[in-house]
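What follows is a set of notes on a single structure, which appears directly below.
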Amino acid sequence: MRYSLLKKTAGAALLACAGLAIHSQALAEDWPTKPVVMVVPYSAGGPTDVVARMLAIPMGKSLGQTVVVENTVGAGGTIAPARVARAKNDGYTILIHHMGMATAPALYKKLPYDPLKDFEYIGQVLDVPMTLLSRKDFPASNFQELLAYVKANQDKVSLANAGIGAVSQLCGMLFMHQIGVKLTTVPYKGAGPAMNDLMGGQVDLLCDQTTQTAPVIKDGNRVKVFGVTTPQRLSTMPNIPTLDEQGLKGFDVKVWHGMYAPKGTPAEVINKINAALNVALKDPVVVQRIADLSSELVAPDRATPQSLKTLLESEVKRWNTVIRAAGVTAE
């Protein structure tokens, strides 16, 4: 009797699992039947937001549904990942985020999510260099003069960033650490407001992504540029030297971006989103606009779930070492 009951229970469980699998597969085949929300951790007009809105249109066309960009701002970019980690794992809520996914574990003592455990990976998106800028009337005309001025004035010099935990904060802190100074940092609620105040002369310095800074640099009249943060010069702005070649040896900050979904999102749905992402990465309008911003879309072999997973794992380790050595914290 007991064996028969156990057998019936096991059989019912197997049938239930099979039913769930069939139901899940059917949902994945029909997906999407409504708009997809792409969550951005930073304010409208900022670098990550610009990229998201570029991708949303061709991705939506590929999926046959609108991709709606929503800005979920706050706590140094950690509120948005927490929101997506808690979202229903049906593919209708996804996240686009930069290397902040890798730096947050070292910057924050407590995170409401685990970047390595609470997400499915969709694929890498693009790499964005950064540039070190000043207000146009800053009393230095080249990088060596800049170094001399900030070392002599230290806390009298203001260094803007896009908010606690933003890559502009990390770049600025690494810059201060490497040259041995402590400037007055001014956090903003996004890169857009920080850039506006830099151009308006309210703050002295800003290190930010080329998606935000390239148009302003190319304008030629609103800011001064002192260098790029990558080891090689940018092909789109070859006259701007790197910080490395100007004396900050080993200074290398490139902002990579990836796309994620809540843990447990069906593989069939992930594959559809990934296919739409790859279509968007080949879209002529996106390609041209990204090039204009001195950034680089990833090759197809990097726009995959496994590639993003491998990158995130290695970057979490790398930045944990760098941030702890620099004594940087977001709290």
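Quick notes on this one:
- The residue pairs whose first member lies in segment 229-249 and is more than 10 Å from residue 131 (Cβ to Cβ), whose second member is part of a loop (DSSP other than H, G, I, E, B) and aromatic (Phe, Trp, Tyr), and whose beta carbons are closer than 7 Å, counting only pairs six or more residues apart or on different chains, are 244/251.
- Boolean, residue 100 is at positive phi, surrounded by 20 or more Cβ atoms within 10 Å (Cβ to Cβ) and in contact with a Gly (Cβ under 7 Å, 6 or more places away or on another chain): no
- Residue in segment 241-255 that is within 25 Å of residue 77 (Cα to Cα), in a strand (DSSP E or B) and touching a Leu at 6+ places or on another chain (Cβ under 7 Å) present: no
- The number of residues in segment 75-94 being in contact (Cβ under 8 Å) with a residue 40 or more places away in the chain and closer than 16 Å to residue 166 by Cβ comes to 6.
- Qualifying residue in segment 296-313 (condition: under 22 Å from residue 194 (Cα atoms) and open to solvent by less than 20 Å² (accessible area, probe 1.4 Å)): no
- Listed by first and then second residue, the pairs linking a residue in segment 128-148 that is among the basic types (Lys, Arg) to a residue that is in a strand (DSSP E or B), with Cβ atoms under 9 Å apart and 6 or more places separating them unless they lie on different chains, are 135/205; 135/206; 135/223; 135/224; 136/223; 136/224.
- Against the list (1) open to solvent by 10 Å² or more (accessible area, probe 1.4 Å); (2) closer than 23 Å to residue 228 by Cα; (3) of a type in the set (Val, Ile, Thr), the condition residue 323 fails is (1).
- Answer residue from segment 59-68, given it is open to solvent by 10 Å² or more (accessible area, probe 1.4 Å) and touching a Leu at 6+ places or on another chain (Cβ under 9 Å) and is nearest to residue 213 (Cα to Cα) among those: 67
- Selected residue (only one of 122, 94 is at pLDDT 95 or above, touching a Gly at 6+ places or on another chain (Cβ under 9 Å), open to solvent by less than 40 Å² (accessible area, probe 1.4 Å) and not in a loop (DSSP other than H, G, I, E, B)): 122
- Residue in segment 127-147 that is at positive phi and small (Gly, Ala, Ser) present: no
- Boolean, residue 107 is open to solvent by 20 Å² or more (accessible area, probe 1.4 Å), in contact (Cβ under 8 Å) with a residue 24 or more places away in the chain and touching a Gly at 6+ places or on another chain (Cβ under 9 Å): no
- Residue 225 vs. criteria closer than 28 Å to residue 40 by Cα, open to solvent by less than 10 Å² (accessible area, probe 1.4 Å) and not charged (D, E, K, R): no
- Search result, residues across segment 95-136 that are out of contact with any helix residue (DSSP H, G or I) (no Cβ under 9 Å at 6 or more places or on another chain) and under 22 Å from residue 228 (Cβ atoms): 127
- Any hit, segment 183-205, residues being part of a helix (DSSP H, G or I), open to solvent by 10 Å² or more (accessible area, probe 1.4 Å) and touching a Leu at 6+ places or on another chain (Cβ under 7 Å): no
- Matching residues in segment 125-163 - criterion: being surrounded by 19 or more Cβ atoms within 10 Å (Cβ to Cβ), outside any loop (DSSP other than H, G, I, E, B) and among the small types (Gly, Ala, Ser): 134, 160
- Checking each residue of segment 220-227 against the condition of being closer than 15 Å to residue 255 by Cβ, assigned to a strand (DSSP E or B) and modelled with pLDDT of 90 or more gives no match.
- Per-region count, segment 277-310, residues modelled with pLDDT of 95 or more and charged (D, E, K, R): 5
The values are calculated or read from the model by the stated rules, or taken from the named source; none is laboratory data. Please read all numbers here as calculations on a predicted model, not as lab measurements. Counting neighbours? That spans all protein chains shown, and the Cβs are built from the backbone with ideal geometry, glycine included. Accessible surface is based on the protein model in full, side chains and every heavy atom, while ligands, DNA and RNA are left aside. Shrake-Rupley method; radii C 1.70, N 1.55, O 1.52, S 1.80 Å.
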